[in-house]
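The values are calculated or read from the model by the stated rules, or taken from the named source; none is laboratory data. Just so it is clear, the model here is predicted, and its values are computed rather than measured. In this analysis, Cβ positions are derived from the backbone assuming ideal geometry, glycine residues included, and neighbour counts consider all displayed protein chains.
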Amino acid sequence: MRLYCVSLNHHCTSIELRERVAFAREEAIDFLQRLCAPTESEGVILSTCNRTEIYATGSPGQESTPWQPALELLHADRGFEPVLSPPNHWRDEGAAVVRHLLRVSAGLESQVLGETEILGQVRTALSWADEAGTCGRRMRRLWERAIGVGKRVRAETLLGDGALSHAAAAFELARKVFGPLERHRILVVGTGEIGALALERLRGSRTAGLTLINRTRERAEEMAAAHREGGGGPVEVRPFEQLEASVIDADVVLTSTAAGEPILDHGMMRRIRAERGGRRSLLLLDLALPRAVDPRAGEIDGVYLKNLDDLAAVIRSNEAQRRDEVPKAEALVQRGTDAYLDWLRGLSVEPTVRDLRDRFERVRREELEELRPGLDAEAFARLDAATRRLIARLLHAPSANLRRDDSLHDPRLLGMLQRLFEEERARESDEDPAHR
Amino acid sequence: MSPLLFDAAILVLTVLYALLTQHAARRYLSGSSGLERLSRSPLLLTVLLHLSALILRGVETGTCPVLSRWEALSFVAFCMAAIELTLELRRGIRVTGVFVLAPAAVLQLLSAVFLIGRDPAPPSGAPDLAGSLHAFAALLGISGVVVAGIYGALYLGLHRKIRAGDYGGFFRRMPSLEELGELNATAAGLGFLSLCVTVGIGLYGWSTRASDPESISLLAFPVGVTLLLWALLGVCSVGHRIGRFGGARLAGTTIVALLAALLLLTLLGPKGVHGA
């Protein structure tokens, strides 16, 4: 079996080309069936916004470029012209493909290092192949290994941790001050782009209350309606005049206005702090430009004021952390690759090992049956067990060596072993009338 | 308990505390959730083993097993680990454990250095239940103050990092400010309750033996520090309960209390804070 991959990804393929070769579910199933049916090979298509990758198996006797059928189909279906200088796609076979898929699943090949969506997309690819009926034993094992490695990388390293967008970084800061936001009230002031993104991020989260304030109330109502329709919880829309009272109620205030001058000045913030009293902290996330909160507000006790520069610093720190985690993730990928290749090698020698064991077992049984008339049941059982153990011990070393030793996996060597048994069987058949 | 068994118990416990600290440090540095799930059992095992050793020694001496300053340090190490375990079970935050367990391991090591190879101190007199409870509560209270101070320091550390816009490793690894504040307040509350028991028993004992020339003086320096500690913790705990005291102020106060507790630990003797 020759495992190969043709990949059109963001590293080497333009977005126009990626658009053209992207697969929807039905298209992928149809493509896989047409690619794999003629040779009864196995195949899976991974199609995301950043990559379209065709993983398939070719037979050992196939031409030197096993990916040729896949490229021809891509050309016929999508008008894709492969170019090698500079390359507009990546293709390889064997261990490099296994490693590539495991790196993809771990998020090491993603545009945003360590992103987590890819793991779901890898699962989807497997389900498409199942529907197409092109996922055989080898491909399934490879895909399961890729999903397993992807999960381990996320569980055992920090590769996927930390926000990499401004909206996500804003909530990372909020969670660093307050922990889970379930018991905290959030106020969004303004309907700017980052405010909208922040609302979008809050869709899956539970909060004690979400309030939206905007100078143009209609726009706020529209955003609140979109939030509710998108599956978010209730949003209270308040008039701009209630800004001060709303800040007093809130724990996290996110400003995303285009006011041009601070809407929360120092005096107002001092009043708000005095009104809130006690030990309640207030986090002001000023995502507006020009800034919407007087910078001196950050000097007030119990008030944390963060702006776009802070969010950029959080993102930089998270990026650095992800980069630091790459060696750990690579080590997990390497272990997964080795484990899969070991399994695959074992699979290629399995028929030979099975043949060897069958042959020994057959001889053992024949000899045992010859002795049966002269033995009582107990002696026969003991002899049966002893010969079974003898055969197991004799065959243990050759079986293990065959599975383990790469130099014995040469198809010619395995073929010679197979022929050796065939000739032996043929000779026995000639001599022994029982085998005729 | 034979001297050999006594030494072996101290040695095993010291090794366990060192391993526990190493485990907690790895968990802190890796920040990995996989390690986090496994973390509770070594701490629980160590606390249970230490408790068993203390019970054996307590049965042997007929009193709270702190017959020397070094035994008291080991007892404080146990109390700190037990408080950390309680906080972990209550709050589910384990990443900060190393900051409590490392000092506990140091105390246990100090204790081992001065206890191993010497005959364990013999019981000084008839069993005294009230005295034992007084000593137990006092040491638990001091441990609570130490743990509260450590969480106070972590709170202030994170608070300053956020204010300064330093979003490095410490920022990433720490739980939220609010959670650190809760750990800080819970440990302070535990310390306060224990010291309430200590002070209550102490005052009762003092009032019933006030005419005894051997009786302790309330004006003795260590006793004064203990009362000051108790008052400080009272302010923290009650203030936090009624919602008037928290955040950086609570953290700062518990750090002052921690310094007082460290001073007390240096003054501990066979009679606790009541003289050598």
Filtered residues of the range B:233-266 (kept if within 14 Å of chain A (Cβ to nearest Cβ), among the β-branched types (Val, Ile, Thr) and free of Cβ contacts under 8 Å to residues at least 12 places away in the same chain): B:Val238, B:Ile242
Residue within the range B:103-116 that is over 21 Å from the mean Cα position of the chain (by Cα) and more than 14 Å from chain A (Cβ to nearest Cβ) present: yes
Tally of residues being of a type in the set (Gly, Ala, Ser) and within 12 Å of A:Ala292 (Cβ to Cβ) across the range A:226-271: 4
Index of the failed condition, A:Ala70 passing every other in (1) surrounded by fewer than 16 Cβ atoms within 10 Å (Cβ to Cβ); (2) touching a residue at least 24 places away in the same chain (Cβ under 8 Å); (3) under 21 Å from A:Phe31 (Cα atoms): (1)
Helices (runs of 4 or more DSSP H) contained entirely in the range A:3-80, each with at least 2 residues that are of a type in the set (D, E, K, R) and within 28 Å of A:Glu115 (Cα to Cα): A:15-21, A:25-36
Selection count where residues are at negative phi and within 8 Å of chain B (Cβ to nearest Cβ), scope the range A:160-179: 6
Condition met for A:Gly231 (touching a residue at least 12 places away in the same chain (Cβ under 8 Å) and more than 14 Å from every other protein chain (Cβ to nearest Cβ)): yes
Test for A:Arg322: is it loosely packed, with under 15 Cβ neighbours inside 10 Å, assigned to a helix (DSSP H, G or I) and basic (Lys, Arg): no
Count of residues meeting criterion [closer than 28 Å to B:Gly157 by Cα and either outside the structural domain of A:Pro239 (by TED's automatic domain parsing) or among the aliphatic types (A, V, I, L, M) (or both)] in the range A:171-197: 6
Candidate set: the range A:234-258, residues that are free of Cβ contacts under 8 Å to residues at least 40 places away in the same chain and assigned to a loop (DSSP other than H, G, I, E, B); chosen: the one surrounded by the fewest Cβ atoms within 10 Å (Cβ to Cβ): A:Pro234
Residue match in the range A:88-96 (condition: under 28 Å from A:Val333 (Cβ atoms), of a type in the set (Asp, Glu) and assigned to a strand (DSSP E or B)): yes
Elements of type helices (runs of 4 or more DSSP H) contained in the range B:1-117, each with 2 or more residues being modelled with pLDDT of 90 or more: B:3-30, B:40-61, B:69-91, B:97-115
Given (1) surrounded by fewer than 18 Cβ atoms within 10 Å (Cβ to Cβ); (2) more than 18 Å from the chain's Cα centre (by Cα); (3) in contact (Cβ under 8 Å) with a residue 24 or more places away in the chain, index of the condition B:Gly200 fails: (3)
The listed residue being more than 30 Å from A:His100 (Cβ to Cβ) and not assigned by TED's automatic domain parsing to the domain that holds A:Met139, out of A:Arg364, A:Arg335: A:Arg364
Matching residues, the range A:165-218, being without any contact (Cβ under 8 Å) to a residue 24 or more places away in the chain and of a type in the set (A, V, I, L, M, F, W, C): none
Qualifying residue in the range A:269-277 (condition: within 12 Å of chain B (Cβ to nearest Cβ) and under 18 Å from B:Gly181 (Cβ atoms)): yes
